[in-house]
Each structure stands twice: as C-alpha cells, then as structure tokens.
Amino acid sequence: MTDSLPLLVFSDLDGTLLDHDTYEFAPALPALRALGRVGAGVVLATSKTAAEVAPIRSAMALDAWPAIVENGAGILEPGTGGTGDDGTYRKIRAKLRALPPGFEGFGDLTATGVAALTGLSLEAAQAAKARQFSEPGLWKGDPSRLDAFIQAALASDLHARQGGRFLTLSMGGTKADRMIEIAERYGKPATVALGDAPNDAEMIAAAHHGVIVCNPQAPPMPLLDGEKANRITRTTLPGPAGWAEAIFDILEMLGLSKEAASHG
Ligand SMILES: [Mg+2]
C-alpha cells in the first residue's frame, strides 16, 4: 500500500549516510532498522552512477526503493541492477562532439585515467564510468573560452553544472526534482532529506524536514531559510552517526518512536 507510507527519507551517501573517510554506514544501522519497522522508505540520492549505487543499496537492504543517481539526472528503479539503458548518455556524448573543443569527460578517459583523476580503484573507476544520464569532466581548454563552451552547451539543450570539482553536463534534473517525482509515486508522504554539501541544499530545502549532516571536511553549507523555523536542522555528529541522531529525533517528533522501537 503505497499511500500508507508514514515517511519517505531521501539521503545523500558520501559524508552523509556513508562515513567521509571509511565509507562505512554501520553507525546508521539502528536508525535504518527503526525506519524499516515503521514502514518508512529510504531513497538514496547521490552523484554516483547506478553501477556504483546498486551494491551499496543492496548492502543496506534498500532494494525495494528507487535511488536517485548521477546527481538527479536519473533514477535507478527498485530491484534492478546497476547496468541500465545508456541512451541518454550517448545522446549527451553526441551533442558534446558538436561543441567547441576543450571539455574532457569521463567518456574520453580510460578506466585507468578516471582512477588517476579521482583516486578511485580501477574497479570503482569502471563503475563510475558506467554512465547513463550525465557526463562529468574538466575544462582543459583556454579558461577564457569556458563561457562560450557553456553557452554553446545550453544552446544545444544540455544543462551544465559546476560541482566541487567537475563540470557536469546532463539533460537536466536535480536531486530535488527527483525527490518530488518519487514522493508523488508514493502518494506524497511526509519527506525527510539529509545531506552534507551545497549540492544537497535544494533537496534539503524542498523536504518537509531537512537535515544538514555535519561534515568538517566539506565546503561549508550556507545558512538555509528553513533553519530559522527549525524545519531544517544540523547534526552535531558527522556522517552515519549524525544521520542516526537526526532520524531518531524526527521519529520522536512525528510520534513514531514507540513503533520504531517495537520488535514485534
Ligand atoms: Mg555528500
């Protein structure tokens, strides 16, 4: 019964549900289990590809839920593996070939090249290269030509977004857009969104309850509007421990604590 969901949680991975350094999520397990007991859904929302997210989603026992991948450019459907249709990605690559030169995307690099660029292992770089919806890369051309490149990209219906490190081209869609789309599928239940970095800000602002997970290593999160009214809160603990802290607070606030604690 999708219309009886008490809560739908949307969560970033790196620095939020996964520890910034170890990529572990064990400290969040009690909160994940509590959400399971009340029948709440958990949707992962990340810059990772479907190939990267699928094994993490399985390890968290969240295969029944969709995941937002490639920063909102696409969705990994429930119960599916990591290798899906790459038609959108091939369209983006074709559009790129018609633009002024200077952009070097993951698709221009070997897995070894992506590993060197990102610090990922070769296997992880292969999963990061298995793209379906967006192309991250670096501007290697003359800096004075970057603006003209972005204008040409926009003119060919590509969306260009500068993240912490990579300039990413897509056909559009943000984590916030996908959150709204997925919440509609489940009958618009109450939503919680958790993240640690500026690219999560829109999603956090669009949820009923937003949580900024403390991350001393990330660029500082600007003060968001909902913080004054306490609709958006900040955790004191970083990563999965902060995640658990916030989820238990929200379950308490929504009067779901008793149900969350029951073992029946
Ligand atoms: Mg993050």
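If you go through region 16-58 one residue at a time, how many are more than 11 Å from the chain's Cα centre (by Cα) and under 19 Å from ASN215 (Cβ atoms)?
13
Can you name the residue in region 148-163 that is part of a helix (DSSP H, G or I) and not β-branched (Val, Ile, Thr) and is also farthest from GLY119 (Cα to Cα) among such residues?
ALA155
Would you please list the contacts, defined by Cβ atoms under 7 Å and residues six or more apart or on different chains, that run from a residue in region 176-198 that is farther than 28 Å from PRO219 by Cα and open to solvent by 10 Å² or more (accessible area, probe 1.4 Å) to a residue that is within 16 Å of the ligand (Cβ to nearest atom) and basic (Lys, Arg)?
From residues that are farther than 28 Å from PRO219 by Cα and open to solvent by 10 Å² or more (accessible area, probe 1.4 Å), there are no pairs.
Counting only residues that are open to solvent by 70 Å² or more (accessible area, probe 1.4 Å) and of a type in the set (Asp, Glu), how many does region 216-244 have?
Counting residues in region 216-244 that are open to solvent by 70 Å² or more (accessible area, probe 1.4 Å) and of a type in the set (Asp, Glu) gives 1.
If we keep just the residues of region 130-168 that are touching a residue at least 60 places away in the same chain (Cβ under 8 Å) and of a type in the set (D, E, K, R), which is surrounded by the fewest Cβ atoms within 10 Å (Cβ to Cβ)?
By that ranking, first place goes to ASP157.
Tell me yes or no: at least one residue of region 245-264 is within 26 Å of ALA128 (Cα to Cα), among the aromatic types (Phe, Trp, Tyr) and either open to solvent by 80 Å² or more (accessible area, probe 1.4 Å) or not assigned by TED's automatic domain parsing to the domain that holds GLY102 (or both).
No, because not a single residue in region 245-264 is within 26 Å of ALA128 (Cα to Cα), among the aromatic types (Phe, Trp, Tyr) and either open to solvent by 80 Å² or more (accessible area, probe 1.4 Å) or not assigned by TED's automatic domain parsing to the domain that holds GLY102 (or both).
The values are calculated or read from the model by the stated rules, or taken from the named source; none is laboratory data. Predicted model only: the values in this text are computed from it and were never measured. Cβ: placed from backbone, ideal geometry, glycine included. Neighbour counts: every protein chain shown. These accessible areas exclude ligands, DNA and RNA; they are computed on the full protein's heavy atoms, side chains included. Shrake-Rupley method; radii C 1.70, N 1.55, O 1.52, S 1.80 Å.
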